[in-house]
Amino acid sequence: MSDYEDSLADVKSGNTPIIPESGVSGFSLAIVIGVLAFLAGIALTGFFAVDAAVSGWSGELTGTITVQVRGMTPEEIRIGADAAEEILRSTEGLSNVTRLPQEEAEALLEPWLGMDNLPDDLPLPVLITADVTPELRADLGSLRQTLVEAVPSASLNDHGAWTDQLVAAASRIRGLAFMAFVLVILASSAVIVFAARAGLAAHRNIVEVLHLVGATDSFIAQQIGNRYLMLGLVGGSVGALAAWLATKFLAVVTGDAGGFLPAFSIDAGTAVWLLSIPILLGGLSTIAARVAVLRALRGEDRYVA
Amino acid sequence: MVTDQNSQAIVTFEDVHLTYDGVREVLRGTDFTLRPGDFRFLTGPSGAGKTSLLKLIYAAHRPTTGRVEVFGNDLLDMPSEEMPKLRRRIGVVFQEFRLLDHLTAFENVALPMRVLGVNPNSYRDDVIELLSWVGLAHRIDAPPTVLSGGEKQRVALARALVSKPDLILADEPTGNVDPVMGEKIMRLLLELNRLGTAIIVATHDLGLVRGLKQNILRLKDGKVTLHGPIPDETPAREPEGAQ
């Protein structure tokens, strides 16, 4: 066999990446991307936790009304409460009309007055709750009017003002969480842009050779961008996984906070969003690197020397 | 090789001036023409503008004034986006090799084909054949870091040839190799020229030029002072000039 035939059989060379890994996608950069992905994951989980809490509060609190009946004597209160309860039960759009038992009303005062210290003639207000349809809740004026006319000491509370403030505050926190997520993703892109520029400068000799053999700027940008695709995918995956683990840990540590405070748990939707982080970072990293390289190379002959 | 004087020029310089940074003028009204199949030794003292002239041909620079036409493209008017297509028709060999150290000899030679997006299966045999032709069949998987100067230069030569260019530019290709290897590289270039590739070789080594009996293009102070056969009284080496 000739040398040529021997070589045909023995050649081991493959398609080594044209842009070497070192200097472009170093270990430290992967750590930075991983940390940013972790922060993005935590921000995203916080967003969904608050979102779920707001939905719960809105659903539970805006779906009920409470009527409070006061009076000078227990008898007056009982008569007023009976009348109010009858009105509520006969009103279309209300259901599950429930009067708070006397024992529970007394239990509410227990922290201040203690057990067995309540005199029998204490005029404790009566609380009546009812589920309300959205249509009726939108216009409670006539019901309120009817109640006040029949029982002047009755007051109707639809929790609107309190719920609205709570939901508004939670919505702002939710907005901040999402903004933090977006900013962290943008920061990742900015890091990639800086790294891509540094990588381009570090591999200027390679870029020159590529230009000499007829490579277009797009080809070079693609080669460098591909390095960052892997970096974004790997760093993003590690960061998202760490965020998932941290959230699971928080869920175990905090447990169920009574259904009122947002629970740090991961449902299927949140998990899908966490999975999107590496894809998002991979895509953005590629695009950011390519754009940075193309802008650096555009119209410049200095990379052919 | 006999040149058809009526064939269209592949390189034309007309009153070309090139100034670096607006102050250092390296070419001062250079004129010459290169036709398909021509072989020229580009000679002249250091600082005469040889490398700058080659850079203009492979579009690393544009002329300050004058007309440089390469394969029918006027470089002054040519959009940057078109430059890669032009460079793909030119193979360049440098004195300092310019190989990529993280790639093997095979991958360095195959680089222009990868840049073109050619399927590796379709150029694999060509690359191996080229490396065999330059005597490096046994070094195919070796990175440049373990190759000698002569071997590196032959890899660089194979890389310049793999895309079958119409023009080869070699800037001091024997500058970093021993005389025996230098002559071997020159013989390879002459063999290519006999197959029809136009070649310009920049060199100081006038003894080598005289031995190979090819026309020269002599540059001095940025101007062509001689275009034709080398005179008998020429010294063996060009004098060192100011850079």
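The values are calculated or read from the model by the stated rules, or taken from the named source; none is laboratory data. Keep in mind that what you see is a predicted model, and the values were worked out from it rather than measured. Here the Cβ is made from the backbone with ideal geometry for all residues, glycine too, and neighbour counts use every protein chain on show.
Going by the structure shown, is residue A:119 under 41 Å from the mean Cα position of the chain (by Cα) and loosely packed, with under 11 Cβ neighbours inside 10 Å? Taking the combined requirement at face value, the residue does not satisfy it. Restricting A:232, A:225, A:236 to residues that are touching a residue at least 60 places away in the same chain (Cβ under 8 Å), within 30 Å of the chain's Cα centre (by Cα) and under 30 Å from residue B:160 (Cα atoms) narrows the list to A:225.
Only one entry of A:220, A:185 meets the criterion of being closer than 28 Å to residue A:271 by Cβ and either outside the structural domain of residue A:102 (by TED's automatic domain parsing) or among the aromatic types (Phe, Trp, Tyr) (or both), and that entry is A:185. The set of residues in region A:126-145 that are over 36 Å from the mean Cα position of the chain (by Cα) and polar (S, T, N, Q) comprises A:142, A:145. The helices (runs of 4 or more DSSP H) found wholly in region A:102-209 and carrying at least 2 residues that are farther than 28 Å from residue A:92 by Cα occupy A:102-113, A:160-202. Of all residues in region A:217-246, exactly one satisfies the criterion of being of a type in the set (Ser, Thr, Tyr) and either at pLDDT below 85 or within 13 Å of residue A:19 (Cα to Cα) (or both), namely A:228. Would you confirm, using the coordinates I've provided, whether residue A:157 is within 14 Å of chain B (Cβ to nearest Cβ), over 29 Å from the mean Cα position of the chain (by Cα) and either surrounded by fewer than 17 Cβ atoms within 10 Å (Cβ to Cβ) or among the basic types (Lys, Arg) (or both)? Spelling it out, it is not the case that residue A:157 is within 14 Å of chain B (Cβ to nearest Cβ), over 29 Å from the mean Cα position of the chain (by Cα) and either surrounded by fewer than 17 Cβ atoms within 10 Å (Cβ to Cβ) or among the basic types (Lys, Arg) (or both). I need the full set of residues from region B:52-109 which are closer than 24 Å to residue B:130 by Cβ, among the basic types (Lys, Arg) and surrounded by fewer than 22 Cβ atoms within 10 Å (Cβ to Cβ), in order please. Of everything in region B:52-109, those that are closer than 24 Å to residue B:130 by Cβ, among the basic types (Lys, Arg) and surrounded by fewer than 22 Cβ atoms within 10 Å (Cβ to Cβ) turn out to be B:85, B:88, B:89, B:98. In region B:80-188, counting only helices (runs of 4 or more DSSP H) that sit wholly within it, the ones holding 3 or more residues that are more than 25 Å from residue A:203 (Cα to Cα) and within 13 Å of chain A (Cβ to nearest Cβ) span B:120-133. For region B:57-79, the candidate set comprises residues that are touching a strand residue (DSSP E or B) at 6+ places or on another chain (Cβ under 8 Å) and within 11 Å of chain A (Cβ to nearest Cβ); within that set, the residue that is nearest to residue B:202 (Cα to Cα) is B:58. Among the residues of region A:50-67, are any assigned to a helix (DSSP H, G or I) and modelled with pLDDT of 85 or more? Checking region A:50-67: not a single residue is assigned to a helix (DSSP H, G or I) and modelled with pLDDT of 85 or more.
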